[in-house]
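Novice: Next up is a structure, given as structure tokens.
Read the figures in this text as sums done on the coordinates, not as results from a lab. Since this is a predicted model, take the numbers as computed values, not measurements. Please note: Cβ atoms are built from the backbone with ideal geometry, for glycine as well, and neighbour counts cover all protein chains shown.
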């Protein structure tokens, strides 16, 4: 069920996921979008001390986005930005990733009366409850009765 501006409650945390990260997925994503050897070359990753390829930060952000769209659909009008993006631990093959999302602020849009502005805090965890990624995202969210 799509969540509209009016439905969003502040400071309620939700967990979304899981997403099982594989070495093939890491290499495939990186091969197209972030082809650093640390993400694409197992030999390089091994010699660098990582042991295996690690996920690109952009890949981890994309995983968060996918989980939110699939499991917590909102009536997004447009994304307005990401702030305080932090890559805190590597995403590794075999990681079971979950996203925690919490609305931290919301207000009426000054330019679009049919929508509101909502900021969320997001944290991506691995199976050990280690935070892999954290950021704040802000978007414009449609109101339920926006056309009345």
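Novice: When 44, 135 are ordered from fewest to most other Cβ atoms inside 10 Å of their Cβ, what list results? Write down the numbers at each step before the final one.
Specialist: On the way: 44 14, 135 18.
By the 10 Å Cβ count, ascending: 44, 135.
Novice: Do you know the relative contact order of the chain, to the nearest whole percent, from alpha carbon pairs under 8 angstrom that are 6+ apart?
Specialist: Values: 319 pairs, mean separation 44.7, N = 148.
About 30 percent, as a whole number.
Novice: What's the exposure ranking of 28, 41, going from fewest to most Cβ atoms within 10 Å?
Specialist: Numbers: 28 13, 41 16.
Lowest count first: 28, 41.
Novice: Would you mind estimating how fast the stretch 15-98 diffuses translationally, via Stokes-Einstein at 20 °C and 1.002 mPa s with the Kirkwood radius over Cα pairs, in µm²/s?
Specialist: Numbers: Rh = 13.8 Å.
It diffuses with D of about 156 µm²/s by this estimate.
Novice: A further question on this structure: In Å and from the alpha-carbon atoms only, list the Rg and Dmax of the chain.
Specialist: Cα-based Rg and Dmax for the chain come out at 17.3, 61 Å.
Novice: Follow-up. Given points 7 Å out from each Cα along the Cα-Cβ axis, report the residue 8 to residue 52 separation in nanometres with one decimal.
Specialist: The modelled label-to-label distance comes out at 3.6 nm.
Novice: Further question: Return the distance in nm (one decimal) between the two label points of a simple spin-label model at residue 112 and residue 78, each offset 7 Å from Cα along Cα→Cβ.
Specialist: So the label points at residue 112 and residue 78 sit 0.7 nm apart.
Novice: So what is the orientation-averaged projected area of the stretch 83-148, using the convex hull of its C-alpha atoms, in nm²?
Specialist: Mean projected area for the stretch 83-148: 5.7 nm², to one decimal.
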